[in-house]
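These notes concern the structure reproduced below.
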Amino acid sequence: MSKDNAEGNRRSYKAKKPFYKRVWFWALAVIVIFIVGGSLGGKDNSNATNNAGKTTNVNSEKSESTKNDNSGKITRSQFDSIKIGDLMNNAQGGDTLDSLKRKFGKPESTSSDTTNGVKTDVVTWTNVAGEFGANVMVSFTDNHAYDKNLTGFKLSRKQTIKLSDFDAFSNGTKYSDFTAKWGQPDYYNESLISGSTTIVAGYTSGVKGGLGANFNVTFTNGALSGKTQSGMK
């Protein structure tokens, strides 16, 4: 056998390197690791982002809910929005007791009376945005409101109302014009009976006079029809 043939045989029987020791294997492995790792990382980041968004939304809704729940006070505009019906027509069209309970919450007290066969209920709420002792009273018949009363609502009156001003109040003045000039009353009662709406507006703040000076003005169907005063100067 020639020397060249012997050398060729030695080369042909020389052991090959295992595949895991070859450069191309490790290069391919590194590429695969980068691809898989990037995919998993992107998914985790996406989930984290989504979860963070969900957490933010939940916290935001909870904060808003808490904000709404913390008010809990009957405002002047809410009182004004109470609808009353005619007592002689079973107060149909007036707000129901159940609807006001849902709106204002559980009342502080309830009393009942029957006159000439007509049963009435007087319901009082004290969770009013006003001074100490402020309350809202609503009278019902057949579960519908026909009379509403507000006492102690907190006011900041700029005007000073003197006895001479009171003397100048004239019958026929519209309620809207009166309150535009003298402001909203401290005490307010409105009822609807036999088609006639009666408003009694009481003023205690900004009234010039001795301790406890006050006056009431009565409006029938929106026009001034009577007035009384005590202790004014």
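With the Cα gyration tensor of region 76-232 giving a ≥ b ≥ c as the square roots of its eigenvalues, does the rule (a/c under 1.5 for rounded; else a/b larger than b/c for prolate; else oblate) give rounded, prolate or oblate? Since a/c reaches 1.5 and a/b is larger than b/c, the shape of region 76-232 is classed as prolate.
The order of the peptides 119-128, 75-84, 106-115 by mean Cβ neighbours within 10 Å, most packed first, is 119-128, 75-84, 106-115. Shown in residue order for region 202-216 are the 3J(HN,Hα) couplings computed by the Karplus curve 6.51 cos²θ - 1.76 cosθ + 1.60 at θ = phi - 60°: x, 10, 10, 8, x, 8, 7, x, x, 4, x, 4, 6, 8, 10 Hz (x for Gly and Pro). Among rounded, prolate and oblate, which fits region 103-176 when a ≥ b ≥ c are the square roots of the eigenvalues of its C-alpha gyration tensor, a/c under 1.5 means rounded, and a/b larger than b/c means prolate? Oblate, since a/c reaches 1.5 and b/c is not below a/b. For the listed peptides 212-218, 151-157, a ranking on the average number of other beta carbons within 10 Å per residue, highest first, reads 212-218, 151-157. Cross-link check: pairs 83/174; 83/227; 73/208 evaluated at a Cα-Cα cut-off of 28 Å; pairs beyond the cut-off: 73/208. A crude spin-label estimate for the pair residue 78 and residue 115, with each label 7 Å from Cα along the Cβ direction, gives 2.9 nm.
Could you tell me which of rounded, prolate or oblate describes region 65-155, using a ≥ b ≥ c as the square roots of the eigenvalues of the alpha-carbon gyration tensor, with rounded for a/c under 1.5 and, failing that, prolate when a/b is larger than b/c and oblate otherwise? Prolate, since a/c reaches 1.5 and a/b exceeds b/c. In region 79-233, Cα pairs under 8 Å separated by at least six residues give a relative contact order of 18 percent.
Residues of region 196-233 falling in the label zone of residue 179, defined by backbone nitrogen less than 14 Å from a point 7 Å along Cα to beta-carbon, are 198-203, 217-224.
Coordinate-derived values only; no laboratory data. The shown structure was predicted, so the numbers you read here are calculated from the model rather than taken from an experiment. Methodologically, a virtual Cβ is constructed for each residue, glycine included, from the backbone with ideal geometry; neighbour enumeration extends over all protein chains shown.
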